[in-house]
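Inspection log for the structure reproduced underneath, given as structure tokens.
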Amino acid sequence: MKTKNLLWLGILLFPFIFFWNEANAQVLFTTTSSGGAGGGGSIAKYDASTQLLSAAHNFELEGTSPAYSKLIQANDGKLYGMTYGGGINNAGVIFSYDPGTSTYSKLKDFSGTDGANPWGSLIQASDGKLYGMTYGGGINNVGVIFSYNPGTSTFSKLKDFSGTDGKYPTGSL
């Protein structure tokens, strides 16, 4: 009973994503803003059957501070998220993590002109694309709305915030 109560406490306090492994044991995933082997945060994995917490992936050069973006599980079964910093331009990245194979993939490096420093979560729409926003970047350097198609690896900037229509978005669509 004590373990069950701790699990529910964790679910209420942390934005975990649930995943069932092949042994039918519940596994939970979340992100941390810092720490991990590289110090840039991690994808943390909690196995309810063994009560073990471990880093499924450590962020360093390919992105940092993923905790500004909650993980989502898309239709393909992969977990998707964004990092606030890091990447080639230190403007954040879009990434995927496959819980079945423990494979991390950096999908997109933000450049600044196409957005920078995402501070919110992705959503998956009925068209299968992932949609999100960045806090900065774009032509006015006050944020963008974008889409990413995981099936074709296509990124599209949809809207540059102008300041008069809002700026520095920190939420999710």
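The values are calculated or read from the model by the stated rules, or taken from the named source; none is laboratory data. Source: prediction; values computed, not measured. Cβ sites come from the backbone with ideal geometry, for glycine too, and all protein chains shown count toward neighbours. All accessible areas refer to the heavy atoms of the entire protein, side chains included, with ligands and DNA or RNA removed. Shrake-Rupley method; radii C 1.70, N 1.55, O 1.52, S 1.80 Å.
Among the residues of the stretch 66-90, those that are closer than 15 Å to D109 by Cβ, surrounded by 19 or more Cβ atoms within 10 Å (Cβ to Cβ) and more than 8 Å from the chain's Cα centre (by Cα) comprise Y84, G85, G86, G87.
Determine whether the stretch 120-128 contains at least one residue that is at pLDDT 95 or above, closer than 19 Å to Y168 by Cβ, in a loop (DSSP other than H, G, I, E, B) and open to solvent by less than 10 Å² (accessible area, probe 1.4 Å). Checked against the condition, which is being at pLDDT 95 or above, closer than 19 Å to Y168 by Cβ, in a loop (DSSP other than H, G, I, E, B) and open to solvent by less than 10 Å² (accessible area, probe 1.4 Å), the stretch 120-128 yields at least one hit. Filtering the stretch 141-173 to residues that are at pLDDT 95 or above, in a loop (DSSP other than H, G, I, E, B), on the phi < 0 side of the Ramachandran plot and surrounded by 15 or more Cβ atoms within 10 Å (Cβ to Cβ) leaves V142, P150, F161. Here Y104 meets each of (1) at pLDDT below 95; (2) within 19 Å of L79 (Cα to Cα); (3) assigned to a loop (DSSP other than H, G, I, E, B) with one exception, condition (3). Of all the numbered requirements in (1) within 18 Å of N90 (Cβ to Cβ); (2) of a type in the set (V, I, T); (3) within 16 Å of the chain's Cα centre (by Cα), V144 misses one, and that requirement is (3). In the stretch 54-91, what residues are part of a loop (DSSP other than H, G, I, E, B) and modelled with pLDDT under 90? Within the stretch 54-91, F59, E60, L61, E62, G63, S65, S69, K70, Y84, G86, G87 qualify.
Is it the case that some residue within the stretch 103-125 is touching a residue at least 60 places away in the same chain (Cβ under 8 Å), closer than 19 Å to T64 by Cβ and in contact with a strand residue (DSSP E or B) (Cβ under 8 Å, 6 or more places away or on another chain)? Among the residues of the stretch 103-125, at least one is touching a residue at least 60 places away in the same chain (Cβ under 8 Å), closer than 19 Å to T64 by Cβ and in contact with a strand residue (DSSP E or B) (Cβ under 8 Å, 6 or more places away or on another chain), which makes the answer yes.
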